[in-house]
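Quick notes on the structure that follows.
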Amino acid sequence: MITTDRAAFRAALPGGGRLLGLDVGTKTIGTALCDAGWSFASPAELIRRTKFTADKAVIATMIAAQQVRGLVIGLPLNLDGSDSPRTQSTRAFARNVEDLALPILLWDERWSTAAVERQMIAEDLSRAKRAERVDKLAASYILQGAIDGLVAIG
């Protein structure tokens with residue numbers, strides 16, 4: 001199941017469980033994990049993209065090791081909410097990982113990278129350190145927004 005409807009996603013996970021957040025880029029995939037009670041999201045590893053099958057294998061290993069019950073994938077919409085080529089690519093990525101047999105929530109990520117960048121600049125991180133961390137921190141930001149939204153609908 002792939003959805004943008006948080007109520008449908010929540011219904012697919014009646015007992016909660018750990019979620020894996022993904023910020024899918026062209027060169028890297030930022031990852032984040034949340035606790036089973038959907039309280040907080042934390043950055044996890046950064047996957048350097050190679051071939052899709054290898055990237056998917058890394059994700060499958062994380063799912064098994066962390067007992068993940070669902071995926072939250074950041075959906076890069078245009079500022080007006082319309083799809084872009086990157087949005088279409090992310091939707092295709094979601095379809096390609098659907099066979100991992102977990103519910104997938106596509107979550108609006110329009111402001112994630114900008115918010116994370118602002119925070120890192122405020123913390124006075126160097127440009128090199130920001131580049132190294134931005135994708136997994138963006139995944140954490142996306143996942144935190146999703147779990148906050150899931151908890152809000154009760």
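A few remarks follow.
- Neighbour-limited loop hits for GluC sites (Glu not before Pro), segment 9-116 (at most 10 other Cβ within 10 Å; DSSP other than H, G, I, E, B): none
- Accessible area per residue, Å², segment 1-110 with all protein chains present, probe 1.4 Å: 48
The values are calculated or read from the model by the stated rules, or taken from the named source; none is laboratory data. Because the structure is a prediction, the values reported are computed rather than measured. Note that each Cβ is placed from the backbone with ideal geometry, even for glycine, and that neighbours are counted across all protein chains shown. Side chains included, ligands, DNA and RNA excluded: accessible areas come from the protein's heavy atoms. Shrake-Rupley method; radii C 1.70, N 1.55, O 1.52, S 1.80 Å.
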